[in-house]
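Colleague: Below: one structure in structure tokens.
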Amino acid sequence: MLVFACLSPHPPLLLPDVGSTQDRAQVQKTITSLKKLGQQLTAAKPDQITISSPHPDWGFNVPLHFLNKSKLPIKKILTDSQSPRVHFERGKKITAGLPRSAKRGSSRAKRGAFIASGDMSHRLKKNGPYGLHPSGPKFDKEFIKLLKKKDIHGILNMNSRLVEEAGECGLRSFCTLLGALEAARVNWQPKILSYETPFGVGYLTAQLL
Ligand SMILES: [Zn+2]
């Protein structure tokens with residue numbers, strides 16, 4: 001069973017030994033949100049943490065720096081270039097695959113936490129890493145609007161050109177989590193904790209369960 005789920009950004013500058021004091025001051029809301037999520041995750045007492053990410057290394061390490069305080073078993077899933085829907089279907093299988101308790105005669109399902117690591121558009125500002133593209137802000141706004149409405153169909157069918165032009169990296173990771181939630185049949189609620197764009201990349205932090 002799923003007991004915790006969130007979306008986490010993953011810029012390495014969030015880390016105290018990577019980001020300068022000035023850098024980190026500009027993403028203070030994100031850092032505060034991630035610390036809060038860390039407390040929530042610990043309180044949910046998961047037996048296992050699953051984390052999806054479009055990149056190895058920092059894609060896993062940055063969210064886990066804030067979220068994993070208890071050295072639980074961690075299952076890492078790397079997303080690929082397949083469609084958001086394919087990732088949604090993969091996510092469903094992850095929930096089904098959550099191991100049950102090893103205790104004989106016990107039917108208690110293991111408690112799973114799911115972190116979907118990913119950043120939003122990288123094309124939000126002229127002086128950002130990939131400049132400004134009108135599809136950048138449009139994608140971020142639309143994704144957040146659809147997420148707030150729990151419009152999974154809308155998210156899975158976002159215009160592929162808009163997605164491509166936005167230069168995002170998190171959509172497939174987020175869709176993996178949405179699939180896991182769908183299969184878990186839990187009443188999740190989107191709570192946007194913060195959304196910041198100081199360097200032209202969208203950092204969305206949200207708790208879904
Ligand atoms: Zn990324």
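The values are calculated or read from the model by the stated rules, or taken from the named source; none is laboratory data. None of the values given here were measured: they were computed from a predicted structure. Quick reminder, even Gly has a Cβ in these numbers, built from the backbone with ideal geometry, and neighbours come from all protein chains shown.
Colleague: Which fully enclosed helices (runs of 4 or more DSSP H) of region 1-69 have 1 or more residues being of a type outside the set (Gly, Ala, Ser) and within 16 Å of the ligand (Cβ to nearest atom)? Write out each step before concluding.
Modeller: Numbers: elements: 21-25, 28-43, 58-67.
Qualifying helices (runs of 4 or more DSSP H): 28-43, 58-67.
Colleague: I'm trying to understand the selection: among the residues of region 139-150, which are surrounded by fewer than 21 Cβ atoms within 10 Å (Cβ to Cβ) and either more than 16 Å from the chain's Cα centre (by Cα) or in a helix (DSSP H, G or I) (or both)?
Modeller: First pass over region 139-150, keeping only residues surrounded by fewer than 21 Cβ atoms within 10 Å (Cβ to Cβ): 141-142, 144-150.
LYS141, GLU142, ILE144, LYS145, LEU146, LEU147, LYS148, LYS149, listed by residue number.
Colleague: With within 21 Å of SER81 (Cβ to Cβ), in contact (Cβ under 8 Å) with a residue 40 or more places away in the chain and away from the ligand (no atom under 15 Å from the Cβ) as the only criterion, which of GLU182, GLU165 stands out?
Modeller: Details: GLU182 fails: within 21 Å of SER81 (Cβ to Cβ).
Of the residues listed, the single one that is within 21 Å of SER81 (Cβ to Cβ), in contact (Cβ under 8 Å) with a residue 40 or more places away in the chain and away from the ligand (no atom under 15 Å from the Cβ) is GLU165.
Colleague: Hey, another quick one. Of the residues that sit in region 93-110 and are crowded, with 18+ Cβ neighbours inside 10 Å and at pLDDT 80 or above, which one is farthest from the ligand (Cβ to nearest atom)? Lay out the reasoning, then the answer.
Modeller: Within region 93-110, the first condition is being crowded, with 18+ Cβ neighbours inside 10 Å, and the residues that meet it are 94-95, 98.
From what is left, the residues that are at pLDDT 80 or above are 94-95.
Numbers: ILE94: 20, THR95: 24 Å.
Looking at the filtered set, the residue picked out is THR95.
Colleague: If you check ILE192 against the conditions, is it over 13 Å from the mean Cα position of the chain (by Cα) and in contact (Cβ under 8 Å) with a residue 40 or more places away in the chain? Let's see the steps before the verdict.
Modeller: On the way: over 13 Å from the mean Cα position of the chain (by Cα): no; in contact (Cβ under 8 Å) with a residue 40 or more places away in the chain: yes.
No.
Colleague: Could I ask something else about it? Quick one: in region 199-209, of everything that is assigned to a loop (DSSP other than H, G, I, E, B) and either under 21 Å from GLN26 (Cβ atoms) or charged (D, E, K, R) (or both), which residue is nearest to the chain's Cα centre (by Cα)?
Modeller: Applying the first criterion (assigned to a loop (DSSP other than H, G, I, E, B)) to region 199-209 yields 199-202, 208-209.
Cutting the leftovers down to either under 21 Å from GLN26 (Cβ atoms) or charged (D, E, K, R) (or both) gives us 199-202.
Values: PHE199: 19, GLY200: 18, VAL201: 15, GLY202: 12 Å.
Out of the qualifying residues, it is GLY202.
Colleague: Does region 46-77 hold any residues that are among the β-branched types (Val, Ile, Thr) and either under 12 Å from PRO11 (Cα atoms) or in contact (Cβ under 8 Å) with a residue 40 or more places away in the chain (or both), and which are they? It would help to see each step written out before you state the result.
Modeller: Applying the first criterion (among the β-branched types (Val, Ile, Thr)) to region 46-77 yields 49-51, 62, 74, 77.
Result: ILE49, THR50, ILE51, VAL62, ILE77.
Colleague: Mind counting the residues in region 111-138 that are assigned to a loop (DSSP other than H, G, I, E, B), in contact with a Lys or Arg (Cβ under 8 Å, 6 or more places away or on another chain) and more than 16 Å from the ligand (Cβ to nearest atom)?
Modeller: If we filter region 111-138 for residues that are assigned to a loop (DSSP other than H, G, I, E, B), which is where we start, we get 111, 118-123, 125-131, 133-134.
From what is left, the residues that are in contact with a Lys or Arg (Cβ under 8 Å, 6 or more places away or on another chain) are 111, 118, 130-131, 133.
Keeping just the survivors that are more than 16 Å from the ligand (Cβ to nearest atom) gives 111, 131, 133.
Number of matching residues: 3.
Colleague: Got a number for residues in region 157-182 being under 17 Å from the mean Cα position of the chain (by Cα) and either surrounded by fewer than 19 Cβ atoms within 10 Å (Cβ to Cβ) or of a type in the set (S, T, N, Q) (or both)?
Modeller: Going through region 157-182 one residue at a time, the tally reaches 3.
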